[in-house]
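Asks: Below is a structure I'd like to ask you about.
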Amino acid sequence: MKPTDILSHEHRVIEQVLTCLEKMAQRCDAEGRLAAQPAQDAVEFFRHFADRCHHAKEEAHLFPAMEAKGLPRQGGPTGVMIYEHELARAHVRAMGEAVQAASAGDALAVKQFSQHARQYVSLLRQHIEKEDHCLYAMANQAFTEADQQELLATFEKVEREELGAGTHEKYLDIANELADRFGVPRAATAGAAGPCACSH
């Protein structure tokens with residue numbers, strides 16, 4: 001297994017929760033009120049699994065390794081990905097800020113949550129497509145077998161040293177509980193998405 005295989009597996013779990021978020025936004029618009037608990041669960045999942053686990057591995061390890069092979073950050077693919085990570089964080093912050101008021105039926109907060117949810121879904125789906133079909137292929141072409149093994153070991157070390165016991169499974173459970181609630185097919189079972197370098 002390559003490091004990018006782990007990241008691609010994580011993409012499938014993230015896509016699962018994006019579909020849940022899309023359904024959440026649709027219900028929110030239709031009912032004029034947000035269901036607080038699933039919304040909080042989704043925001044927590046995106047903050048911790050998508051960003052602090054997944055994006056952190058890319059930004060701290062994958063992207064620098066690619067740049068060391070000569071891919072420029074400024075004006076290059078990794079720079080674009082980092083910019084999109086920042087946009088994603090802003091949408092997640094805005095959703096988190098709107099949950100409480102939107103769950104009480106505040107029309108402005110309902111609109112804020114729904115708009116940012118839809119923009120986040122659109123951004124991440126396009127982002128994932130670019131990484132899966134372009135960026136990761138570039139990484140695999142640039143890396144030697146030794147590079148791949150070193151990066152894989154780094155991912156495992158980060159998981160071992162920074163990930164608390166059961167944390168990875170916790171977010172997979174959240175993803176699957178949301179999937180069951182919103183009638184979305186499960187992408188993965190616990191442990192199937194590979195090492196997740198969450199730090200808390």
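Asks: Could you work out the helix-only [θ] at 222 nm for the chain, with each DSSP H run of four or more residues adding -39,500 (n - 2.57) and the total divided by the number of residues, to the nearest 500 deg cm²/dmol?
Replies: -23000 deg cm²/dmol
Asks: Of 85, 166, 110, which is farthest towards the positive pole of the stretch 3-182's charge dipole, taken about the Cα centre with +1 and -1 on the beta-carbons of Lys, Arg and Asp, Glu respectively?
Replies: Of the options given, the answer is 110.
Asks: Please identify the trypsin sites (Lys or Arg not before Pro) of the stretch 1-84 that satisfy two criteria: DSSP loop assignment and at most 15 other Cβ atoms within 10 Å. Which are they?
Replies: 69, 73
Asks: What are the lysines whose alpha-carbon lies under 20 Å from the alpha-carbon of residue 157, with same-chain residues fewer than 8 places away excluded?
Replies: Answer for residue 157, where 20 Å is the Cα cut-off: 2, 57, 170, listed by chain and number.
Asks: What distance in nm separates the two pseudo spin-label positions at residue 133 and residue 12, each 7 Å out from Cα along the beta-carbon direction?
Replies: That separation, rounded to one decimal, is 1.8 nm.
Only the coordinates and a few stated rules stand behind these numbers; no lab work does. Everything quoted here is computed from the prediction, not taken from an experiment. When we count neighbours, we look across all protein chains shown, and the Cβ atoms used for this are built from the backbone with ideal geometry, even at glycine.
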